[in-house]
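The values are calculated or read from the model by the stated rules, or taken from the named source; none is laboratory data. Quick caveat, the model's predicted, so the values are computed rather than measured. Methodologically, a virtual Cβ is constructed for each residue, glycine included, from the backbone with ideal geometry; neighbour enumeration extends over all protein chains shown. Side chains are part of the model used for accessible areas, which takes the heavy atoms of the whole protein and leaves out ligands, DNA and RNA. Shrake-Rupley method; radii C 1.70, N 1.55, O 1.52, S 1.80 Å.
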Amino acid sequence: MTTPTFDARWREARRIAVLTGAGVSAESGIPTFRGAGGLWRRYRAEELATPEAFARDPRLVWEWYDWRRRVIAECRPNAAHHVLADLEVRVPEFLLITQNVDGLHRRAGSQRVVELHGSLWRVRCPAEGTVTERPEVPLPSLPPRCACGAVLRPDVVWFGEALPTDAVGRAYGAAEGCDLMLVVGTSALVQPAAALPAIAKAHGAYVVEVNLDATPLSHLVDELHRGKAGEILPRLLCALPGP
Ligand code: OAD
């Protein structure tokens, strides 16, 4: 048996997993977390994105999330979101694992998506455990309340919280079973998402990184593309065969 060439690894991929981070939405106008202009340069995560912050001041936390919802509602999916939505119908097995809570992959048409860190567009009742879509912008009153009277929270993962077990299970399953993993626009500093490319590689997948900058993953990937996701992904993915 011969080792397939790099091009063949792309062409022959039948099980593709994609891991995305905030960089995939940067060209839509949504701030990333780290780097110049990043949210964690301007805001303190421990005051806005922890269970303790929410317990202390739910209105303040909600004002920040409502502001982010308003910003994102004005943004549109970019070319990177669109080509990833096209890709899922071109391969038999596909999973898009995103750390983003902005909902832009779904707005671009992606359906096989795992939102590892939740979604800004859903709320959760801590008393009843129910999760509900709340797309209206702005929310009529802050903090929003459940019919049961409890203060609702954004259905996102905060620092110090565990990720949803089913989402993690699906993400690990895809990383272990894929033959190609695309890693797009993540600084790969937050676990467990950051571990997925190494898991894919250990199980024999060909791993491709698309990022403006070097990351802790860059030394382990098989193929590196430095630049903007919205420019590189359309070029890379047009090389794949159709459905
Ligand atoms: P980061 O802000 O940490 O990293 C964004 C990455 O995208 C960086 O490596 C940038 O170089 C790269 N980048 C920026 N613009 C790009 C573009 N146009 N094309 C390609 N790459 C680009 O965001 P994440 O890695 O997503 O968690 O951060 C992970 C998690 O940390 C987030 O989900 C969030 C945050 O704390 C929670 O809120 C739980």
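What the table shows:
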quantity	calculated
Under the Debye formula (equal points on every Cα, no solvent term), log10 I(q)/I(0) of region 130-243 at q = 0.20 Å⁻¹	-1.08
Cut-off 11 Å between beta-carbons: net charge of the residues surrounding Gly160, Lys and Arg +1, Asp and Glu -1	-3
Cα Rg over Rh - the chain, Kirkwood	0.99
Viscosity 1.306 mPa s, temperature 10 °C, Stokes-Einstein D of region 69-174 from Kirkwood C-alpha radius, µm²/s	105
Per residue accessible area in Å² of the chain, where ligands, DNA and RNA are left out and the probe is 1.4 Å	47
Heavy-atom accessible area ranking, 1.4 Å probe, most first, across Asp166, Asp66	Asp166, Asp66
Region 37-82 pair-distance distribution - Cα-Cα, 10 Å bins, rounded %	24, 43, 25, 8
